[in-house]
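K.L.:
Mind looking over this structure? Questions follow.
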Amino acid sequence: MSAGQVHDLFVGSMNFEEKFDLFIPGPTPIPPRVVRAMSRPIINHRGSEFHKVFKNITEKAKELLKTSGDAIILTSSGTGGMEAAASNLLSPGDHVLVGVAGAFGERYAKILEAYHVNVTRIRSSEPGKAVDPAHFEEELKRDPKIKAVFVTQNETSTGVRTDVRSIARIAKEHGALVIVDAISSFAAMELSMDDWGVDVVIAASQKALMTPPGLAVVGVSKDAWKAMESATLPRFYFDLRLAKRSAEKWETPATPAVSLLFGLDEALSIIFEQGPENFIKHHEVLSQMARSGVAALGFPLLAQDDCASTTVTAVKGLEGMSADEFRRQVRKYEVVLAGGQGELSGKIFRLAHLGYISQMDIIKAISAIELALADMGHPVKFGSGVAAAMSAMRGKQVGE
């Protein structure tokens, strides 16, 4: 049987529908240890056994946040955490700034507008560019009424990383609160609440925390708690003050997602066994591998190196190529990529390297991309993308 016949057999009659690897920016793959932890029998969420689990999660989350403040755990998606930050800190008519470098920055602006807050958007100059901290400085000088600044640390729709540290410094100099959507960066990128002057950080379980969707982690500073005393926006389920009072007993105000908490506890254990700093470095290596691999195959990268995400790589389709059609071809090789959103729909694909993804997983993804390119009639030097990814891997080994 020729190599071509083997290829036809593989992508034709041999149809392994349930065999695939996710390379999307959430939900991310789940470690077997986490799956096993979630299969534990349900326990009393008002009992001592639950108290121990909830305390472990809260204390580990605080350590990852690098804060002396609080870590509040909500049974919610990440968007719920975003909404909680808005509704707990603000009053109708408050002035805020929102950094928009893609779809999720825009989502935060829309959440705030739904609460009748006056939103000024600080936009990136074009897709693939980060928002400029200098523009925050200009707007804060122009409007002294600005109460809070909202930024997305990692914009997964464009593969862009935001300079949170610089923006937070500028905002604090003007007396504004700083709220960071770290949903797709938490634990995978450097972030220090206290040292950087961040008041609220929002994270979610289904990203680098390697747990199914359904939990949000909200870091809250002392200044944020103080701001809640005068905030008048309505909240009930997302009232962080109620959550804090319950957390003092290692409980939650309402029934939590107990099985997900078992999983999150185990996932956090994995991160701390590896070492949080090593976990961050691991994502940096994966990013270099992914960017090197696709670039070697001739794909233009959407974000430049100086602002590139280390958890998702946004890739432009080749001339005349539908990025969505290309993704469908890649799927035949058991690799699931993410598509573009909004104005980038059909124009880019996204290769995520977030959470429970290994270096060899990236090699598989690049291999699938090479094969799909050939299938679609593009000239490919087989192994060129893989070789570039492997060189990046060997030159950026964690611990070197």
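Conditions tested, residue by residue: (1) over 13 Å from the mean Cα position of the chain (by Cα); (2) of a type outside the set (Ser, Thr, Tyr).
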| position | (1), (2) |
| --- | --- |
| Asp195 | yes, yes |
| Asp199 | yes, yes |
| Ile202 | no, yes |
| Gln206 | no, yes |
| Met210 | no, yes |
| Leu215 | yes, yes |
| Val218 | yes, yes |
| Pro234 | yes, yes |
| Tyr237 | yes, no |
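K.L.:
Something else now. Take the range 214-263 and flag every residue that is hydroxyl-bearing (Ser, Thr, Tyr), surrounded by fewer than 22 Cβ atoms within 10 Å (Cβ to Cβ) and either under 25 Å from Ile42 (Cα atoms) or touching a Gly at 6+ places or on another chain (Cβ under 7 Å) (or both).
P.N.:
Tyr237, Ser246, Thr255, Ser259
K.L.:
Filter the range 103-139 down to the residues that are in contact with a Phe, Trp or Tyr (Cβ under 9 Å, 6 or more places away or on another chain) and small (Gly, Ala, Ser), then identify the one that is nearest to Asp181 (Cα to Cα).
P.N.:
Checking each candidate, the answer is Gly105.
K.L.:
Hey, any hits in the range 138-151 for a residue that's in contact with a Cys (Cβ under 7 Å, 6 or more places away or on another chain), open to solvent by 20 Å² or more (accessible area, probe 1.4 Å) and closer than 20 Å to Ser166 by Cβ?
P.N.:
no
K.L.:
Further, regarding this structure: Being assigned to a loop (DSSP other than H, G, I, E, B), at pLDDT 95 or above and either charged (D, E, K, R) or out of contact with any strand residue (DSSP E or B) (no Cβ under 7 Å at 6 or more places or on another chain) (or both) narrows it down to one of Pro41, Pro29, so name that one.
P.N.:
Numbers: Pro29 fails: either charged (D, E, K, R) or out of contact with any strand residue (DSSP E or B) (no Cβ under 7 Å at 6 or more places or on another chain) (or both).
Just a single option satisfies the conditions, and that option is Pro41.
K.L.:
Within the range 73-104, track down each residue that is part of a loop (DSSP other than H, G, I, E, B), open to solvent by less than 40 Å² (accessible area, probe 1.4 Å) and within 24 Å of Met228 (Cβ to Cβ).
P.N.:
If the condition is that a residue be part of a loop (DSSP other than H, G, I, E, B), open to solvent by less than 40 Å² (accessible area, probe 1.4 Å) and within 24 Å of Met228 (Cβ to Cβ), then Ser76, Leu90, Ser91, Gly93, Asp94 are the ones that fit.
K.L.:
List pairs: first residue in the range 32-60 and over 17 Å from Ile73 (Cα atoms) and open to solvent by 90 Å² or more (accessible area, probe 1.4 Å), second residue aliphatic (A, V, I, L, M) and in a helix (DSSP H, G or I) anywhere in the structure, Cβ distance under 6 angstrom, at least six positions apart or on different chains.
P.N.:
Filtered contacts from the range 32-60: Ile42/Val258.
K.L.:
Of all the residues that make up the range 61-72, how many are touching a strand residue (DSSP E or B) at 6+ places or on another chain (Cβ under 6 Å) and either farther than 21 Å from Ser269 by Cβ or open to solvent by 10 Å² or more (accessible area, probe 1.4 Å) (or both)?
P.N.:
4
K.L.:
For Ile366, state whether it is surrounded by 16 or more Cβ atoms within 10 Å (Cβ to Cβ) and touching a helix residue (DSSP H, G or I) at 6+ places or on another chain (Cβ under 8 Å).
P.N.:
In short, yes.
K.L.:
Met393 versus (1) surrounded by 19 or more Cβ atoms within 10 Å (Cβ to Cβ); (2) modelled with pLDDT of 95 or more: which is the lone unmet condition?
P.N.:
Going through the list (1) surrounded by 19 or more Cβ atoms within 10 Å (Cβ to Cβ); (2) modelled with pLDDT of 95 or more, Met393 breaks only (2).
K.L.:
Say whether the condition of being more than 21 Å from the chain's Cα centre (by Cα), open to solvent by 10 Å² or more (accessible area, probe 1.4 Å) and within 20 Å of Gln153 (Cα to Cα) is met by at least one residue in the range 185-193.
P.N.:
No, the conditions are met nowhere in the range 185-193.
K.L.:
Would you be able to tell me the number of residues in the range 171-180 that are open to solvent by less than 10 Å² (accessible area, probe 1.4 Å) and either assigned to a strand (DSSP E or B) or within 15 Å of His353 (Cβ to Cβ) (or both)? Reasoning before the result, please.
P.N.:
As a first pass, look at the range 171-180 and keep what is open to solvent by less than 10 Å² (accessible area, probe 1.4 Å): 171, 176, 178-180.
Adding the requirement that they be either assigned to a strand (DSSP E or B) or within 15 Å of His353 (Cβ to Cβ) (or both) leaves 178-180.
Within the range 171-180, residues that are open to solvent by less than 10 Å² (accessible area, probe 1.4 Å) and either assigned to a strand (DSSP E or B) or within 15 Å of His353 (Cβ to Cβ) (or both) number 3.
K.L.:
So is Thr67 in a strand (DSSP E or B) and either aliphatic (A, V, I, L, M) or touching a residue at least 24 places away in the same chain (Cβ under 8 Å) (or both) or not?
P.N.:
Considered against the rule, which asks whether it is in a strand (DSSP E or B) and either aliphatic (A, V, I, L, M) or touching a residue at least 24 places away in the same chain (Cβ under 8 Å) (or both), Thr67 comes out as no.
K.L.:
Give me the residue from the range 124-135 that is part of a loop (DSSP other than H, G, I, E, B) and open to solvent by less than 60 Å² (accessible area, probe 1.4 Å) and, out of that set, nearest to Val315 (Cα to Cα).
P.N.:
Among those that are part of a loop (DSSP other than H, G, I, E, B) and open to solvent by less than 60 Å² (accessible area, probe 1.4 Å), it is Gly128.
K.L.:
Among the residues of the range 140-152, are any touching a Leu at 6+ places or on another chain (Cβ under 6 Å) and not small (Gly, Ala, Ser)?
P.N.:
yes
K.L.:
So in the range 107-118, with the set limited to residues that are in contact (Cβ under 8 Å) with a residue 12 or more places away in the chain and either open to solvent by 20 Å² or more (accessible area, probe 1.4 Å) or outside any loop (DSSP other than H, G, I, E, B) (or both), which one is nearest to Lys147 (Cα to Cα)?
P.N.:
Here the residue is Asn118.
K.L.:
Turning to a different aspect of this structure: Mind listing whichever residues of the range 136-162 are in contact (Cβ under 8 Å) with a residue 60 or more places away in the chain, of a type outside the set (Gly, Ala, Ser) and not in a strand (DSSP E or B)?
P.N.:
Thr156, Thr158, Thr162
K.L.:
Got at least one residue in the range 367-385 being among the hydroxyl-bearing types (Ser, Thr, Tyr) and farther than 30 Å from Phe272 by Cα?
P.N.:
Checking the range 367-385: at least one residue is among the hydroxyl-bearing types (Ser, Thr, Tyr) and farther than 30 Å from Phe272 by Cα.
K.L.:
A follow-up question, please. Could you grab the pairs with beta carbons closer than 7 Å, sequence gap of 6+ or different chains, first residue in the range 338-363 and in contact (Cβ under 8 Å) with a residue 40 or more places away in the chain, second one of a type in the set (Asp, Glu) and surrounded by fewer than 17 Cβ atoms within 10 Å (Cβ to Cβ)?
P.N.:
Asp361/Asp21
K.L.:
Going by what's in this entry, would Arg121 be described as assigned to a helix (DSSP H, G or I), within 30 Å of Lys316 (Cα to Cα) and basic (Lys, Arg)?
P.N.:
no
The values are calculated or read from the model by the stated rules, or taken from the named source; none is laboratory data. The shown structure was predicted, so the numbers you read here are calculated from the model rather than taken from an experiment. Cβ coordinates were reconstructed from backbone atoms using ideal geometry, including for glycine residues, and neighbour counts include every protein chain displayed. Heavy atoms of the whole protein, side chains included, go into the accessibility calculation; ligands, DNA and RNA do not. Shrake-Rupley method; radii C 1.70, N 1.55, O 1.52, S 1.80 Å.
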